1. Could you check region 108-134 and list, in sequence order, the residues that are surrounded by 14 or more Cβ atoms within 10 Å (Cβ to Cβ) and either modelled with pLDDT of 85 or more or of a type in the set (Asp, Glu) (or both)?
2. I'd like to check something: does region 109-121 contain any residue that is within 22 Å of residue 210 (Cα to Cα) and either in contact with a Leu (Cβ under 7 Å, 6 or more places away or on another chain) or in the same structural domain as residue 193 (by TED's automatic domain parsing) (or both)?
3. Return yes when residue 98 is touching a Phe, Trp or Tyr at 6+ places or on another chain (Cβ under 6 Å), closer than 19 Å to residue 76 by Cβ, surrounded by 18 or more Cβ atoms within 10 Å (Cβ to Cβ) and not β-branched (Val, Ile, Thr) and no when it is not.
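The values are calculated or read from the model by the stated rules, or taken from the named source; none is laboratory data. The model shown is predicted, which means the values in this text are computed figures rather than measured ones. Every residue, glycine among them, receives a Cβ derived from its backbone with ideal geometry; neighbour counts consider all protein chains shown.
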Amino acid sequence: MIQINRRIVSIAGIALFALLTYIIAWSTLFTVSKVVVTGAQQNAMQNLSGVTIGEKLARVEPRAVARKLQEQLWIEGVEVSRNWINGTVTLQITPRKPIGIFAGRFIDKSGTTFDIPGGSSESLPIVEAQTSENGLAAIELFKNIPEKLRTKIVTITAKNADSFELILDEGTRKVLLQWGTNSDLDLKIKVYEALIGLKENSKISTIDVSAPHAPIVK
């Protein structure tokens, strides 16, 4: 009798497991009813994810969907979750934050270059450098310059990691600021502002503050 009961329990367990597998993987229950996207454009991300309405939730593998989306270089991170109660799949997108334009593309703090669909480059400095490392050094300089002067910067050129040039928009003219190394920042700014404000310098096009105690104007 005990063996028969064990067999019945075993068969019932197998049947229950099969039923649950069918319900989760094949029945009309537990299907994707909605895809919610945060941090990016809804339709584009839903299409890229490959997740479709009516698809079985069990077949939506979060890690696989995240890996697929992160093939887009402008995406820094992705979190994918499934709600088994209402059938919602949520895609949380964390886009990279551009801090400049390098080689015609956006560049972020890690040195990764990327394109953003419909992204605007307004207010971002153009960084010219032979390598992304030098580009990042130029961006670091840009971030340390006070906003009053930073908003005038049109281009930053990194000849190497210790030699920089800036082009600034002074309204009626563009001025080349030969900066030198990323040191003595406050002093160099004071020297530049003092020189650019002098009436006799109204027609100069170049200021060299690489040696701030002995600046040169041209």
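1. 108, 112, 113, 114, 116, 126, 127, 128, 129, 134
2. no
3. yes
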